[in-house]
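Throughout, read-outs are computed from the coordinates displayed, never taken from laboratory work. In this text the structure is predicted, and so the values were computed from the model without any measurement.
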Amino acid sequence: MGFRTRVTALLASLLVSAGGAVSAPAATAQEVASGTGPALTVAEASLDRSLNCHGDLAGSDRNTVIPLHGTTANVEANWSWTWEPALAEEGRPYCTVELPDNGMQDVQVSAENVTHAIRTVYAESGRKVDLVGHSQGGMIGR
């Protein structure tokens, strides 16, 4: 049995032993494009405050990058000295998302912040969005 098969089997057994997992259906491409995906429960003003964009999202011929920071970190700790200066130097548009309580909030709340960011960036740019994740940011981006 290969590694991937063992991990999949382990995750499946954990879900079964935990009584199964219930999740909302993923939004379709059409729902994302029209802005009619699943409703978010976090206040829009809070979601807007978590998003900070740089560059010309609408005028760029490249996808906007959204780097997603890890647990117990924040945008400054993860990205101010790595991806942010690199993207700025390249002239690539990017938007950061500050996860609530340094990513220590309920993961559903963090995921709603990321969902809002993706929807907002897509609506403004009309292009696909590139995600870069570290730690929890990688998991939420998936």
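Values computed for the structure shown
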{"quantity": "Principal axis dimensions, segment 41-141 - Cα atoms, whole angstrom, descending", "calculated": "35, 28, 20"}
{"quantity": "Karplus 3J(HN,Hα) series, Hz, for segment 39-52 with 6.51 cos²θ - 1.76 cosθ + 1.60 (x for Gly, Pro)", "calculated": "5, 9, 9, 6, 4, 4, 4, 5, 4, 4, 5, 6, 9, 9"}
{"quantity": "Sequence-distant residues sharing a close amide H with Thr64 (under 5 Å, placed H)", "calculated": "Asp130"}
